[in-house]
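What follows is a set of notes on a single structure, which appears directly below.
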Amino acid sequence: MYADVKRLVSIITGFAILAIIIACLGLLGLSSFIAEQRTKEIGVRKVMGAGIGTITGLMSKDFVMLVGIAFAIASPVAYWAMNKWLQDFAFHINIGWWVFALGGFVAVSIALITVSFQSIKAALMDPVKSLRKE
């Protein structure tokens with residue numbers, strides 16, 4: 001009876017995984033671009049005594065804010081769409097707030113992991129080379 005729903009779930013899962021991979025590649029490219037743009041600033045901060053955590057936090061802060069804004073926009077839309085979809089079933093459940101909180105946590109975690117690679121790479125760079133570049 002629910003074979004079409006199972007097929008739809010498998011299709012949606014595949015496209016969701018593909019979308020996450022594409023989004024991570026975009027975040028990686030954007031963080032690489034921003035690290036290249038801020039090379040001199042990172043070099044100056046390292047010379048002044050900033051640690052790896054401070055520089056990583058500085059670069060990650062903007063991305064976390066963007067993911068938070070996207071989550072704030074997407075959560076009500078997803079809640080509305082899921083309620084509409086669940087109304088078609090004979091037995092339906094209410095969606096808990098924790099589902100969206102877990103989704104937001106996973107989204108922020110994936111963004112931080114993706115951005116932290118470039119942030120740590122930029123923080124470990126020799127500040128003399130980055131300041132001599134210009």
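Just so it is clear, none of the values below were taken in a lab; they were calculated from the coordinates. Every value quoted in this text rests on a predicted model; they were computed, and no experiment measured them. Reconstructed Cβ throughout: ideal geometry from the backbone, glycine too, with neighbour counts over all protein chains shown.
Which of the trypsin sites (Lys or Arg not before Pro) across the stretch 72-134 are loop residues per DSSP, with 15 or fewer other Cβ within 10 Å? Loop-located and lightly packed - 133. Relative to the longest principal axis of the Cα atoms of the chain, helix 52-86 runs at roughly 10 degrees. Taking amide H as placed 1.01 Å from N in the peptide plane, the amide H of residue 95 sits under 5 Å from none that are at least 5 places away or on another chain. Just so you know, the averaged projected area of the alpha carbon convex hull for the stretch 1-78 sits at 7.0 nm².
Among 13, 39, the order by Cβ neighbours within 10 angstrom, fewest to most, reads 13, 39. Shape index of the chain: Rg/Rh, with Rg the Cα radius of gyration and Rh the Kirkwood radius from the inverse mean 1/r over Cα pairs, equals 1.16. Seen against the Cα atoms of the chain and their longest principal axis, helix 3-37 is set at about 10 degrees.
Let me have the relative contact order for the chain, percent, based on Cα pairs under 8 Å that are six or more residues apart.
Numbers: 73 pairs, mean separation 63.8, N = 134.
Relative contact order here is 48 percent.
Computed from point charges on the beta carbon alone (+1 for Lys and Arg, -1 for Asp and Glu), the dipole magnitude for the chain about its Cα centre is near 420 Debye.
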